[in-house]
Amino acid sequence: MTRIALDAMGGDTVPDAMVEGALESLAELPASCEVLLVGRTADIEAALDAHGGRPDRISIVEAPEVIAAAEQPLAAVRGKRQSSVVVGLGLQKEGGADAFVSAGNTGAVMAASLILLGLHPGVERPAIGTLFPTDTEPVLVLDAGANVDCSARELRGFAHLGAVYARDVLGRPNPRVGLLNIGEEEEKGNAAVKAAHQLLSTEPLGFQFIGNVEGRDILQCNVDAVVCDGFVGNVVLKFYESVARMFVGFLKREVETEVLSGEAMNRVLTKLDYSTYGGAPLLGVRGVCIICHGRSSARAIKNAIGVALRSVETHVSQHIGADLAGDA
């Protein structure tokens, strides 16, 4: 039995979107998979009742406290031991769950993951890996916001994390990894990026390091994972999200309704919809933790549960541990 713990109290529309997403996931999950809704039992039960009651393969784990989006992450984790974030990750630490999914306070989820799950030996910092849609296969960008300042060694570590995830979860057997920079030449970039390029160019790797890539290369489908620090990654992510929203809004204003409702256009809009990709894995921790957007819809939560299940089934966390063990 695979058990996915879901933070029912994290996000903008709790617990309704979480409960609805969990219920929708049952139609796609194997019979051997169970979803544990972690949070305030009364609120969760009321949301379940509104959808016809609690079915098999849905369980409730009481967690009376909630970490709000504006709270200081570390202080909240230490002060609210009965919060849905701490209880949910605690289940995984104790073997009561195989993965944790949350659309709550990202900083708190990260802090609790570090405290409760810890890092694999050889991992200096965890990284958030976010999928960017392209016209073919999505590209993994990491770090997408966990670490604002990074050393060359940390960037090198992100490359290993991204390569394992691309290989195991995305099904790219010989992943191509690029280092995000302002130019393709190896002498370009700041000190950390230039030093990371040197490390990745001279060390034996279990993946293809294709050198520096520019922002435009993310969408040109010639790379599987793109490495950068969390400051750059988060700026690129937020800009990309805004462009996608602008593009969709432009289409809705300028294109006739019957065209928008067509099958081909629906495929385009689906690719641009963040909910298609569910959530972003926090890579490097000793377990499976999927971080979702705060405004996640039921569809996004359903897909995030699917991402968590694939991560468990492919043993990506264990493979990261084995891949980075040599750096410990």
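Read-outs: derived from the displayed coordinates by stated rules, not from any lab. Bear in mind that the values here come from a model prediction, so they are computed numbers and not experimental data. FYI the Cβ positions are ideal-geometry reconstructions off the backbone, even for glycines, and counts take in every protein chain you see.
Descriptive notes on the structure:
- Looking at the stretch 126-223, the trypsin sites (Lys or Arg not before Pro) that sit in a DSSP loop and have at most 16 other Cβ atoms within 10 Å of their own Cβ are Lys188.
- For the options Arg295, Arg81, Arg245, a Gaussian network treatment of the chain with springs between C-alpha atoms closer than 10 Å singles out Arg245 as fluctuating the most.
- Projected label distance in nm at Lys194 and Ala325, using a 7 Å step from Cα toward the beta-carbon: 3.7
- For the stretch 204-259, GluC sites (Glu not before Pro) meeting the loop criterion (DSSP other than H, G, I, E, B) and having at most 11 other Cβ atoms within 10 Å: Glu256.
- DSSP-loop GluC sites (Glu not before Pro) across the stretch 7-45, with at most 15 other Cβ within 10 angstrom: Glu28
- The stretch 156-192-the stretch 291-328 distance, computed between alpha-carbon centres (Å): 18
- Taking each DSSP H run with n ≥ 4 as -39500 (n - 2.57) and averaging over every residue of the chain yields -13500 deg cm²/dmol at 222 nm.
- Spin-label pair Ala42/Leu205, simplified geometry with 7 Å Cα→Cβ offset, distance in nm: 5.5
- Between Ser25, Ser201, Ser297, the residue with the greatest mean-square fluctuation in the GNM of the chain (Cα pairs under 10 Å linked by springs) is Ser201.
- Placing unit charges on the Cβ atoms of the charged side chains and taking the dipole of the stretch 126-225 about its Cα centre, the candidate lying farthest along the positive direction among Leu131, Val193, Leu205 is Leu205.
- Taking every full run of DSSP H in the chain, none both stretches at least 30 Å from end to end by Cα along its long axis and averages 1.6 or higher on the Kyte-Doolittle scale.
- Per-residue extension of 0.36 nm, minus the Cα-Cα distance of Gln72 and Gln318, leaves a gain of 85.5 nm for this segment.
- Mean separation of Cα contacts under 8 Å (6+ apart) over length of the stretch 89-186, as relative contact order %: 17
- In summary, the aspartates and glutamates within cross-link reach of Lys80, defined as a Cα separation below 17 angstrom excluding same-chain residues under 8 places away, comprise Asp7, Glu62, Glu65, Glu71.
- Subtracting the Cα-Cα distance of Asp49 and Glu187 from their residue separation scaled by 0.36 nm leaves 43.6 nm.
- Computed from the C-beta positions of Ile115 and Ser59, the FRET efficiency with R₀ = 25 Å rounds to 0.55.
- Theoretical FRET efficiency, 1/(1+(r/R0)^6), r = Cβ-Cβ of Arg216 and Thr276, R0 22 Å, to 0.05: 0.45
- Here the Gaussian network model covers the chain, with springs between Cα atoms less than 10 Å apart; of Tyr165, Tyr277, Tyr240, Tyr240 fluctuates the most.
- Residues Phe231 and Arg253, FRET efficiency given R0 of 41 Å [Cβ-Cβ distance, rounded to 0.05]: 0.75
- Glu241 paired with Thr136, simple spin-label distance in nm, labels 7 Å along Cα-to-beta-carbon: 2.8
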